[in-house]
Amino acid sequence: MTDQSIRASDQERESVVDVLRDAFTEGRLTFDEFEERTAAAYGAKTWAELRVLTADLPAGPPGVTSATTAPLPGRFLPSLARSASSRSLALVSMSPR
């Protein structure tokens with residue numbers, strides 16, 4: 001079985017939407033592109049469908065090349081997406097009130 005036929009989870013869809021949201025706020029996507037890709041992410045059934053939505057976006061900050069922090073261009077890595085999402089949540093919960 002190739003990863004193209006592996007079913008996507010709700011958390012993996014949310015992780016892709018997080019990447020898309022970041023790309024939109026950084027000016028990499030127009031509002032229309034963001035809306036279109038977000039709808040496609042929520043409707044995606046497989047990893048292959050999710051991978052296409054972020055293939056033209058950087059995996060992380062410029063200059064990051066570590067295999068543990070940046071996937072290859074065009075590759076959606078669910079385990080990486082989950083860890084990035086977890087880090088974001090941890091930062092939010094540590095904010096002063």
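The values are calculated or read from the model by the stated rules, or taken from the named source; none is laboratory data. It should be emphasised that the depicted structure is a prediction, and the values quoted were computed from it without experimental measurement. Cβ placement follows ideal geometry from the backbone for every residue including glycine, while neighbour counts extend to all protein chains displayed.
In this structure, is THR54 of a type in the set (S, T, N, Q) and modelled with pLDDT of 95 or more? So THR54 fits the description; yes. In the set (1) over 12 Å from LEU57 (Cβ atoms); (2) surrounded by 10 or more Cβ atoms within 10 Å (Cβ to Cβ); (3) free of Cβ contacts under 8 Å to residues at least 12 places away in the same chain, the condition left unmet by GLU33 is number (1). In this structure, LEU80 does not qualify as modelled with pLDDT of 55 or more, of a type in the set (A, V, I, L, M) and surrounded by 14 or more Cβ atoms within 10 Å (Cβ to Cβ). The criterion of being among the β-branched types (Val, Ile, Thr) and at pLDDT below 95 does not hold for THR25.
Would you mind stating whether ALA59 is at pLDDT 95 or above and crowded, with 19+ Cβ neighbours inside 10 Å? No; evaluated as a whole, the condition is false for this residue.
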